[in-house]
Amino acid sequence: MKTVGISLKKLKNEIKKDFKMARDLKGLNDVFNKYLGKHDGELNRILRSLEKLPKEKRARIGKEANKLKEYIKQKIEIKTEKMRLLTVPVNKKEWFDITVPGKRPLFGHLHPLTKIKRKVEEIFESMGFSIIEGPEIENEWYNFDALNFPKEHPARDTIDTFWLKSNHLKLLLRTHTSPVQIRYMEKNNPPLRIIVPGRVFRREATDASHEINFYHLEGLMVDKAVSAANFKAVIQEFYRRFFGKPVKVRFIPTFFPFVEPGFQVDISCLNCQGKGCSACQQTGWMEMMGAGMVHPNVLKNSRLNPKFLQGFAFGMGIERLVMMKYKINDIRLFYSGDLRFLQQF
Ligand code: DAH
């Protein structure tokens, strides 16, 4: 039965072609029926006709035909799996329309305190001051003793200062950035010109002008002959550039333990230019900050010799500057996280 042998070979080629043409599950089903359909599948027909063959041929050709049957079954299994993967319906949730315009992300911006801090830094940097930072947790020596605070000074009291539980050195949350003066003078040789912006803490009741946490900016300039006149020139130029208009500056004598003499620095009222209005309570002046000539004890505590060196120091609250610039009437707004407030800057 040579003919059956040849027709099996031809059949295999035909089957291969048919598989190539089958594009979908229905196509595969058609291939199956064509060759292995119960009644008129071609291969089935051959298998049925085997019984008419002589014994030896029957075995050989039967083997071949069964191989072909296996081949078809396997091929259908593999192709069905592939097609099933390709035709998995797209999950609606995963589908997205790339032509829809995107959602605009919400852009944040710098906090008004950060903006003003950077502006202040920029002005002082342009006058040759370096920006220095120090620790927010201080010890009693740097925050008070080295700055010439007497032992009984009320600022040391637990009513005003957050003291931390600690084993040896008495630790606290710094009440000003003045201690960084000492830290810097210990490690650097004059001439010195620095500003120290940073967060400070006071233990007090909050109201429209008091917060337990706020920002300070300390300044220090030390050399052989730095005078109060130099300070006046520096600070007047600073305010002129900060407020964008000429301002007058005056010093009122006052006391801070770390300076001698000490001054309260006032500027001419921004609202009425010194004529007198409700903003300045008719005085024509606005109180801005504390300052003075560095006390000899402070220089000594920083291992500098007051016989040959002198300088000025000043300290201002950054919130106060921002409040004056933007006419903000409550310091608590800065820390409230209220977007209606923050979005105005
Ligand atoms: N440290 C002061 C305060 O906590 C501010 C200050 C006043 C700083 C006078 C100075 C200064 O350097 O000379 O309010």
Being assigned to a loop (DSSP other than H, G, I, E, B) and without any contact (Cβ under 8 Å) to a residue 24 or more places away in the chain narrows it down to one of Arg23, Arg48, Arg58, so name that one. Arg23
With farther than 23 Å from Arg202 by Cα, touching a Pro at 6+ places or on another chain (Cβ under 7 Å) and outside any loop (DSSP other than H, G, I, E, B) as the only criterion, which of Glu125, Glu81, Glu121 stands out? Glu121
I'd like to check something: does the stretch 149-171 contain any residue that is under 22 Å from Phe334 (Cβ atoms) and more than 13 Å from the ligand (Cβ to nearest atom)? yes
So which helices (runs of 4 or more DSSP H) stay within the stretch 284-344 end to end and still have 3 or more residues that are away from the ligand (no atom under 16 Å from the Cβ)? 318-326, 339-342
So is Cys280 buried (at least 18 other Cβ atoms within 10 Å of the Cβ) and more than 29 Å from Gly128 (Cβ to Cβ) or not? yes
Any chance you could count how many residues in the stretch 208-222 are closer than 24 Å to Ile267 by Cβ and either outside any loop (DSSP other than H, G, I, E, B) or out of contact with any helix residue (DSSP H, G or I) (no Cβ under 8 Å at 6 or more places or on another chain) (or both)? 9
Taking the stretch 202-252 on its own, how many of its residues are within 30 Å of Ile159 (Cβ to Cβ), of a type in the set (A, V, I, L, M), touching a residue at least 24 places away in the same chain (Cβ under 8 Å) and exposed (fewer than 14 other Cβ atoms within 10 Å of the Cβ)? 1
Leu53 at pLDDT 90 or above and touching a helix residue (DSSP H, G or I) at 6+ places or on another chain (Cβ under 8 Å): no
Give the residue, chosen from Lys38, Lys67, Lys75, Lys92, that is exposed (fewer than 15 other Cβ atoms within 10 Å of the Cβ) and either among the acidic types (Asp, Glu) or at pLDDT 90 or above (or both). Lys67
Any residue in the stretch 105-124 that is under 21 Å from Asp223 (Cβ atoms) and either in contact (Cβ under 8 Å) with a residue 40 or more places away in the chain or surrounded by 13 or more Cβ atoms within 10 Å (Cβ to Cβ) (or both)? yes
Taking the residues in the stretch 137-173 that are charged (D, E, K, R) and in a loop (DSSP other than H, G, I, E, B) as candidates, determine which candidate is surrounded by the fewest Cβ atoms within 10 Å (Cβ to Cβ). Lys165
Within the group Phe345, Phe341, Phe308, Phe312, which residue is in contact (Cβ under 8 Å) with a residue 40 or more places away in the chain and over 30 Å from Val226 (Cα atoms)? Phe345
So which residues in the stretch 1-20 are surrounded by fewer than 16 Cβ atoms within 10 Å (Cβ to Cβ), among the hydrophobic types (A, V, I, L, M, F, W, C) and either under 60 Å from the mean Cα position of the chain (by Cα) or assigned to a helix (DSSP H, G or I) (or both)? Ile6
Counting only residues that are within 12 Å of the ligand (Cβ to nearest atom) and closer than 16 Å to Ile123 by Cβ, how many does the stretch 187-214 have? 3
Determine whether the stretch 223-243 contains at least one residue that is assigned to a strand (DSSP E or B), within 16 Å of the ligand (Cβ to nearest atom) and under 27 Å from Arg199 (Cα atoms). no
Which is more than 14 Å from the ligand (Cβ to nearest atom) and either modelled with pLDDT of 95 or more or under 25 Å from Leu113 (Cα atoms) (or both), of Pro246, Pro261? Pro246
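The values are calculated or read from the model by the stated rules, or taken from the named source; none is laboratory data. Because the structure is a prediction, the values reported are computed rather than measured. Reconstructed Cβ throughout: ideal geometry from the backbone, glycine too, with neighbour counts over all protein chains shown.
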